[in-house]
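Chemist: Sharing a structure below in structure tokens format, with a few things to ask.
The values are calculated or read from the model by the stated rules, or taken from the named source; none is laboratory data. Because the structure is a prediction, the values reported are computed rather than measured. Please note: Cβ atoms are built from the backbone with ideal geometry, for glycine as well, and neighbour counts cover all protein chains shown.
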Amino acid sequence: MNLAFSTAWPVLWAQQATQTAWLDEPMLLGISRQWVIWIAWLALGFFGLFPGIVAYMVWAERKVAARFQDRIGPNRVGPLGLLQPIADAIKLITKENIVPGSADKVVHLLAPVLLLVSAFLTLAVIPFGFGGKVGNRLTGLTPIDLPSGLLYLIAVSSMSSLGIFLAGWASRNKYSLLGAMRAVAQLVSYEVPQVLATVPIILWTGSLSLVAILNHQVEFGWFIFSPPGFMAFVLLTIANIAEVNRTPFDLPEAESEIIAGYHTEYSGMRFGLFFLAEYLSVFSVSCLGTILFLGGGSLPLFDLRDLLSDNTTSFVFVNAITVGVFSVKVILYVFLMFWIRATLPRMRVDQLMAFAWKMMVPLSIINILIAAIWQEVVVGHNLNYIPVFGDTFRGWLVTVPLEIVAVFLVFWIHRVTREDSAPALASARRPAASLVR
Amino acid sequence: MQQEIDPLKVLSGDMLYIAPEIALTVLGLLVLIYDFAVVRKRPSAERQSRLAWLTLFGVVATFAIQLVMMLPQDWGGFDTANLYFPLFSGTIASDGTSSWMNLTVIGLLGLIVIMSMSWSFTEHWGEYFALLCWAGVGMMFLIASEELLTLFLTLETMTLCLYMVTAFEKTRRRSAEAGLKYFVYGSVSSALFLFGLSLIYGLTGTTRLDAIRFALVSQGGSTGLSGNVAGAMAVLLVLVGFGFKIAAVPFHQWAPDAYEGAPAPVTAWVATGSKIASFVALLKVLGGALGPWAMKGTDVTSHGWIGLVAVISAVTMTYGNFAALAQKNLKRMLAYSSIAHAGYMLVGVLAASVSANQASSTAPVLFYLVVYSLTTVGAFSVAAWLVRDKGTDQIEDLNGLGRRSPLLAVCIVLLMLSLIGMPPLAGFFGKLYMFMESLNAGDKGRLPLTWLVFLGLFNSVVSAFYYVRVLKAMYLREPSGTPLAKAGPTIAIPIVAATVAAVAFGLYPAPLLDAMRHASLTRPGPNTRVGTQADPNWTPAHAAAEQIRKRAEAEANGIRMVPMGGGSAPKAKASPKGETTPPKAPRESGQPKAKQDRESK
Amino acid sequence: MSFGKGLFIGHWVTLRRFLRTFLLGAGRTLKRRGGGHQILDLWFGDKERGSQPTIQQDARTEGLFTVEYPDERLPVYERFRMLPVLVYDDADGNVRCTSCNICAKVCPPQCIWMTHAAGPTGSPVPLPEDFFIDMDVCMNCGLCSEYCPFDAIKMDQNFELSNYERHQTHIYSMQDLLVSSEYYAKTHPDAWASADEVTERGKVQKKKDQRLQKALAATKPAAVAPKTAKV
Amino acid sequence: MILTQYIFVGLLLLGAIGFALAPLAVVLLVAPVKRSKSKSDTYECGVLTTGETWIRFRIQYYIYALMFVVFDIETVFLYPWAVAYGGLGTFALIEMVVFLALLSVGLAYAWAKGVLRWV
């Protein structure tokens, strides 16, 4: 391992060592500072702020979806319908909880819990702000900074497909089982491009930890501003929408086909948990997308790091800005999902699967290679080299045609093989055209 | 400061040593791509022949690569036949045994691919040939593996491919039944095998074979397994794994059904290739790593796995032969005969671990392995001939073959005689060397082994009966029903090749035996610790220098070293004072500058 | 690359609609078109808001066009039909209906029935004693008002008819049905001013005058006889 | 130091489970419970369910699961390569191209065999 790599690691260790000393001294009531911070995160953040955010995301979705259709959206329950989420919650709690007789009671109860747990766990690693500054590195305002953050995220996010299948299987209903099987097939197929889309990020950052990714983007600019980065962003967003079962990919719970998909047999608060889990995973997935590609809390031009100094006022001030910027980006990302939901019709199940395996997976594999080429061309092989404009321009020159060729290639192959694989369909279309003439 | 070992340079260096395996893997891929890309629309027969020729061409190329690898250094080769190279930080090693056995395995694969061309028993030809090649890759890596995990991994690669290929004759239910039995039995025994390996790791703390032996020797000299229950459990479970692979008696139930159900070429591949690889692995694990547990001191009958393996060998021999007596079906008879041969070879394994001159004691087993597998391929191609023309493989379908195709009939006679072990043929010399080796065990060990040798001879006599029944059918019976069609080249070539091998190694066994002795000599001595990847200045060249020093010792204590193929003795003469002049670095051109400087220090 | 062009156009269309709801039409401010403020409205708004139709809009309205019904109302079209009513001339309180039963016969679901009024002498008088329409059955087809020779029964426009009990009150008697012609004129201005209704009213007025003259004439000879209030 | 961070994950796990079960507990207290025969059988658009629900899956799902495992393992191998990419030479790039090519052959093979067509 050459110099840069082997020295980077001990620095991280040393820096964490100093941190532990500061964290271990008791803060109040004898509990060490680290535990106090964690409990604060849990009480205020995870079980206070986030459910609130998620509840009002539901409200926002209904308002925005209404405005897309020239409607007003909920405005009866409280001013501008702001009490709507609370009303929903109360309704759900007071509704009778009907569990089918032949269902597997325990698993029927555990499925939504598992889904919600998986949604919560993904948020444990996301750096919402810059946090403190050690040397030139930001420690990131994050509950825990795992050195293998991204790996943890993948592991946790794949738990949700388990929860969905348990729900379908436990409610012992043909339609929900069918819906659950389709949902899991879709989740499984879209998890591959989602995970492959994150590989370019690690390639450029050289580390799996989300704080390191944030640091890298603060120094070298956001990842979305490079062709492979932008392609990876598009792939990740599409895969995210599919992972969360939102509109173009919400076939598994499509009312028109299979009553309500895997949560047919759920009523009352259990259905509420599904709803909460879905929107919480929308929130966590958009946080992930923002951190990985849109540079978390960093402003594009203005570098906030030099405002950071040791006193707490600068810490609070800078982090307030970064959390603000971060939430604006998350809101935009979530709005993008609402926007897509208001526009696109639902995809047919075989097109949905074909899109994943025949277009997204090859494209993400090719994109990894293009990202490696970008790294070769722009940065070369020592991690401390700050690429100058000339390099990035050369990078663009090389990678843009590659990306275009890749996209065309994938679409062309798909078109050719589709003709080959659906001859009946193709020939059926042709005579119709002759009739028209 | 710890000096930089640049892993990539070492890795790229090692890749050259596993060139044959890489070639075979790529061949498998090429066949697969060729099948689904180019010839997808063609009829099955045409696909079969084109893919078979492509595979055959690839196998011949791999054979050539392996041969080049074994040439001595001054002819441009890597002299792998004489030198021992631990690769990929010691997980696999390319040495004499692995080179020679690779050669045999690739040769067998060639014969089997030829045999597969004789009749169409499946439509998925791309997958069939690819799986055959990848099973070959698994065998070659298994032969070369030096470490428990790699051993298990390669064993599984090989057997998984074989499970699938056994069930490839989709039209006949027997093939699916064979595949399923083989799979179920195999997965259970590999689970137990893995448990055994983990016990060994638990007891010795390392997974490298030589390190295990070193740990066992340092733990308590050769005290055998007395009072060591965990050790006994470990040995038992490992024996389960290997017993299944070589179809030794308590674990042989799958063999007759799998051999009979599978298509003939696949049966040949399972009976020969997988047996060669398993026996070499068995030698390495039992003979090499678990040597100290063999017996207490030199008393064969004391606590240790020698007694256990002796019993297994005896039971396997007798059961194999007596069960074969009653068989009507040729492939089932050959299955039981291969169980019997496994019994004989176990005697060889026993001999290898008790005999006086440890270094070259595995030679007879390797010799027997080569001879047995070549003759068995010939025998199975007869079965292929039967299935192709008559659809069934009963022995009496061979009636009257003597008159219709006399030449091949003679070849079959020679094959059968070699399987019995008649003197002029190779089978005899194989058994001869093995039994001689087991007779010159230590004085205390000689008595039980002599019983074993006697049982072996008795079984050979019994086996004569069912082999001769084949000859009786061919010569003394009138052809009943439709006579066998003329055997095309795809059937004749394996039979003739096997006969040539049996006769050639029969009349002049010395070169093969010397090669095998040479092969076993290049293995590191039982108690030496091979330079592991850990020490910084280890390089393949360094290992070569050490080998030269080791061979100098061997010559010092009187074992004459005649390298096969008349290659001149390696140039670097080790002066008696033990100071060695480093040999020419094996690879001038491919050597990065920095590495050469390091060597010359 | 026609593949995927539809995606971008589709998204642009929806975004444009989204933005227009904020830029033009009702969505621009937080004020409701029917009066009152979106945010403070629900608790402090004036109670009788929303009784008058306040919004005029048609297919070309752009942006937000939701009519928040109880607070805002769209005007009802004149020809809108909802449950028939009986008209009486408010000038002289004359109930136009002569209980000729044509409407009862023509009503497809047969939900109209009436009883004929008897004069002081027991002889039938051209007035209904009582007039019933079963509200649940009536399908607002308007045939009764088409066939009524005396423009006595007309279709009303009041659709807020919900009440708490559905057994007794859904059969409307005459008291529920009687409506002044002035109310009819207000709700159906065009019909009121239309030529044939005017001529019809003229004829009825003329007949009424003749009847009045006749009655006056009949009372004049017996000038001395006491005036019997016959009307 | 690293391991202690997973304590937070444990805390979050317990907290999340609690957060999920709490409303369900409240439901037990608050929500009405009126059992009835028809209410408790599975809802299939009003039609009575016939036959067994937990049937064997189609083979299609199994093959998709296998494909997923293959490509997930590919990512698991890609991650360490990507992390260490900065320190390795271009040789690593070539080696990874070979690795990805092998897997793409796998995908192409599945594609050509029509496995990816969701029937």
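Chemist: Any residue at all in the stretch A:220-227 that's without any contact (Cβ under 8 Å) to a residue 40 or more places away in the chain, in a helix (DSSP H, G or I) and among the aromatic types (F, W, Y)?
Modeler: yes
Chemist: Residue check, A:D145 against (1) in a loop (DSSP other than H, G, I, E, B); (2) without any contact (Cβ under 8 Å) to a residue 12 or more places away in the chain; (3) facing another protein chain (nearest Cβ under 8 Å); (4) not small (G, A, S), all met but one. Which one?
Modeler: (2)
Chemist: Would you point out the residue of the stretch B:470-482, among those that are in contact with a Gly (Cβ under 7 Å, 6 or more places away or on another chain) and of a type outside the set (D, E, K, R), that is surrounded by the most Cβ atoms within 10 Å (Cβ to Cβ)?
Modeler: The residue in question is B:M474.
Chemist: Yes or no: A:I291 closer than 30 Å to A:A320 by Cβ and either crowded, with 24+ Cβ neighbours inside 10 Å or within 19 Å of the chain's Cα centre (by Cα) (or both)?
Modeler: For A:I291, the condition - closer than 30 Å to A:A320 by Cβ and either crowded, with 24+ Cβ neighbours inside 10 Å or within 19 Å of the chain's Cα centre (by Cα) (or both) - is met.
Chemist: Please go through the stretch C:81-105 and pick out each residue that is in a strand (DSSP E or B) and either without any contact (Cβ under 8 Å) to a residue 24 or more places away in the chain or among the aliphatic types (A, V, I, L, M) (or both).
Modeler: The answer is C:M82, C:L83, C:V85, C:L86, C:V87, C:V95.
Chemist: Can you find even one residue in the stretch C:110-123 that is surrounded by 17 or more Cβ atoms within 10 Å (Cβ to Cβ), free of Cβ contacts under 8 Å to residues at least 60 places away in the same chain and assigned to a loop (DSSP other than H, G, I, E, B)?
Modeler: Checked the stretch C:110-123: at least one residue is surrounded by 17 or more Cβ atoms within 10 Å (Cβ to Cβ), free of Cβ contacts under 8 Å to residues at least 60 places away in the same chain and assigned to a loop (DSSP other than H, G, I, E, B).
Chemist: So how many residues does the stretch A:100-129 have that are more than 21 Å from D:F19 (Cα to Cα), outside any strand (DSSP E or B) and in contact (Cβ under 8 Å) with a residue 60 or more places away in the chain?
Modeler: The total comes to 6.
Chemist: Out of (1) of a type in the set (A, V, I, L, M, F, W, C); (2) more than 10 Å from chain D (Cβ to nearest Cβ); (3) under 18 Å from the mean Cα position of the chain (by Cα), the odd one out for A:L123 is which?
Modeler: All conditions pass for A:L123, except number (2).
Chemist: Can you tell me which of A:V188, A:V156, A:V211 is buried (at least 24 other Cβ atoms within 10 Å of the Cβ) and within 18 Å of the chain's Cα centre (by Cα)?
Modeler: Numbers: A:V188 fails: buried (at least 24 other Cβ atoms within 10 Å of the Cβ); A:V156 fails: buried (at least 24 other Cβ atoms within 10 Å of the Cβ).
Just one listed residue meets the conditions, A:V211.
Chemist: Further question on the same structure: Which is away from chain D (no Cβ under 14 Å), closer than 20 Å to A:G272 by Cβ and either of a type in the set (A, V, I, L, M, F, W, C) or under 18 Å from the mean Cα position of the chain (by Cα) (or both), of A:A65, A:A103?
Modeler: Numbers: A:A103 fails: away from chain D (no Cβ under 14 Å).
Every option except A:A65 fails the conditions.
Chemist: For the stretch D:64-71, state whether one or more residues are outside the structural domain of D:W118 (by TED's automatic domain parsing), surrounded by 13 or more Cβ atoms within 10 Å (Cβ to Cβ) and at pLDDT below 90. Walk me through it before giving the result.
Modeler: Going through the stretch D:64-71, the residues outside the structural domain of D:W118 (by TED's automatic domain parsing) turn out to be none.
No, the stretch D:64-71 contains no residue that is outside the structural domain of D:W118 (by TED's automatic domain parsing), surrounded by 13 or more Cβ atoms within 10 Å (Cβ to Cβ) and at pLDDT below 90.
Chemist: Report yes if some residue within the stretch A:294-312 is at pLDDT 90 or above and buried (at least 18 other Cβ atoms within 10 Å of the Cβ); otherwise report no.
Modeler: yes
Chemist: Quick check on the stretch C:139-154. Is at least one of its residues among the aromatic types (F, W, Y), part of a loop (DSSP other than H, G, I, E, B) and surrounded by 14 or more Cβ atoms within 10 Å (Cβ to Cβ)?
Modeler: yes
Chemist: Checking the structure you have, find out if any residue of the stretch B:283-300 is without any contact (Cβ under 8 Å) to a residue 12 or more places away in the chain, surrounded by fewer than 24 Cβ atoms within 10 Å (Cβ to Cβ) and either under 23 Å from B:T522 (Cα atoms) or over 19 Å from the mean Cα position of the chain (by Cα) (or both).
Modeler: Taking every residue of the stretch B:283-300 in turn, none turns out to be without any contact (Cβ under 8 Å) to a residue 12 or more places away in the chain, surrounded by fewer than 24 Cβ atoms within 10 Å (Cβ to Cβ) and either under 23 Å from B:T522 (Cα atoms) or over 19 Å from the mean Cα position of the chain (by Cα) (or both).
Chemist: Any idea which residue in the stretch B:198-209 is modelled with the lowest pLDDT, counting only those that are surrounded by fewer than 20 Cβ atoms within 10 Å (Cβ to Cβ) and part of a helix (DSSP H, G or I)?
Modeler: B:L203
Chemist: Please indicate, with yes or no, whether at least one residue in the stretch C:156-166 is surrounded by 14 or more Cβ atoms within 10 Å (Cβ to Cβ), assigned by TED's automatic domain parsing to the domain that holds C:R201 and without any contact (Cβ under 8 Å) to a residue 24 or more places away in the chain.
Modeler: Taking the stretch C:156-166 first, the residues surrounded by 14 or more Cβ atoms within 10 Å (Cβ to Cβ) are C:156-157.
If we keep only those that are assigned by TED's automatic domain parsing to the domain that holds C:R201 as well, we get C:156-157.
Now drop any that are not without any contact (Cβ under 8 Å) to a residue 24 or more places away in the chain, which leaves none.
Within the stretch C:156-166, none of the residues are surrounded by 14 or more Cβ atoms within 10 Å (Cβ to Cβ), assigned by TED's automatic domain parsing to the domain that holds C:R201 and without any contact (Cβ under 8 Å) to a residue 24 or more places away in the chain.
Chemist: Check the stretch D:101-113 and report whether any residue there is at the interface with chain A (Cβ under 7 Å from one of its Cβ atoms), over 30 Å from A:V379 (Cβ atoms) and in a helix (DSSP H, G or I).
Modeler: yes
Chemist: Taking only the stretch D:20-63 into account, find how many residues are among the aliphatic types (A, V, I, L, M) and exposed (fewer than 12 other Cβ atoms within 10 Å of the Cβ).
Modeler: 8
Chemist: Here's another thing I want to ask about it. In this structure, is B:A314 out of contact with any Asp or Glu (no Cβ under 7 Å at 6 or more places or on another chain) and either more than 30 Å from B:L408 (Cβ to Cβ) or without any contact (Cβ under 8 Å) to a residue 40 or more places away in the chain (or both)?
Modeler: yes
Chemist: Additional query: Quick test of your reading of the structure: D:L11 fulfils all but one of (1) assigned to a helix (DSSP H, G or I); (2) more than 9 Å from chain A (Cβ to nearest Cβ). Name the failing condition by number.
Modeler: Failed condition: (2).
Chemist: Which residue is nearest to A:G206 (Cα to Cα), if the candidates are limited to the stretch A:152-168 and must be touching a Leu at 6+ places or on another chain (Cβ under 6 Å) and within 11 Å of chain D (Cβ to nearest Cβ)? Spell out the reasoning first.
Modeler: Keep residues of the stretch A:152-168 that are touching a Leu at 6+ places or on another chain (Cβ under 6 Å), which gives A:152, A:156, A:160-161, A:163, A:168.
Among the residues that remain, those that are also within 11 Å of chain D (Cβ to nearest Cβ) are: A:152, A:156, A:161, A:163, A:168.
Numbers: A:Y152: 16, A:V156: 22, A:S161: 29, A:G163: 33, A:G168: 40 Å.
Checking each candidate, the answer is A:Y152.
Chemist: Can A:E243 be described as modelled with pLDDT under 90 and among the acidic types (D, E)?
Modeler: So A:E243 fails the test.
Chemist: Given the criteria in contact with a Ser or Thr (Cβ under 7 Å, 6 or more places away or on another chain), closer than 29 Å to A:Q186 by Cα and at the interface with chain A (Cβ under 7 Å from one of its Cβ atoms), does D:T42 qualify?
Modeler: Details: in contact with a Ser or Thr (Cβ under 7 Å, 6 or more places away or on another chain): yes; closer than 29 Å to A:Q186 by Cα: yes; at the interface with chain A (Cβ under 7 Å from one of its Cβ atoms): yes.
For D:T42, the condition - in contact with a Ser or Thr (Cβ under 7 Å, 6 or more places away or on another chain), closer than 29 Å to A:Q186 by Cα and at the interface with chain A (Cβ under 7 Å from one of its Cβ atoms) - is met.
Chemist: If you go through the stretch A:172-184 one residue at a time, do you hit one that is at the interface with another protein chain (Cβ under 10 Å from one of its Cβ atoms), without any contact (Cβ under 8 Å) to a residue 60 or more places away in the chain and under 15 Å from A:I368 (Cβ atoms)?
Modeler: no
Chemist: Here's something else I'd like to know. Applying the selection to the stretch D:47-79, what residues are at the interface with another protein chain (Cβ under 7 Å from one of its Cβ atoms), polar (S, T, N, Q) and part of a helix (DSSP H, G or I)?
Modeler: D:T75
Chemist: Output yes when any residue across the stretch D:83-90 is more than 9 Å from every other protein chain (Cβ to nearest Cβ) and either surrounded by 11 or more Cβ atoms within 10 Å (Cβ to Cβ) or outside any helix (DSSP H, G or I) (or both), and no when none is.
Modeler: no
Chemist: Among the residues of the stretch A:47-77, write down those that are assigned to a helix (DSSP H, G or I) and out of contact with any helix residue (DSSP H, G or I) (no Cβ under 8 Å at 6 or more places or on another chain).
Modeler: A:G48, A:L49, A:G52, A:A66
Chemist: Of the conditions (1) within 7 Å of another protein chain (Cβ to nearest Cβ); (2) more than 20 Å from the chain's Cα centre (by Cα); (3) more than 30 Å from A:W169 (Cβ to Cβ), D:V98 fails just one. Which one is it?
Modeler: It is condition (1) that D:V98 fails.
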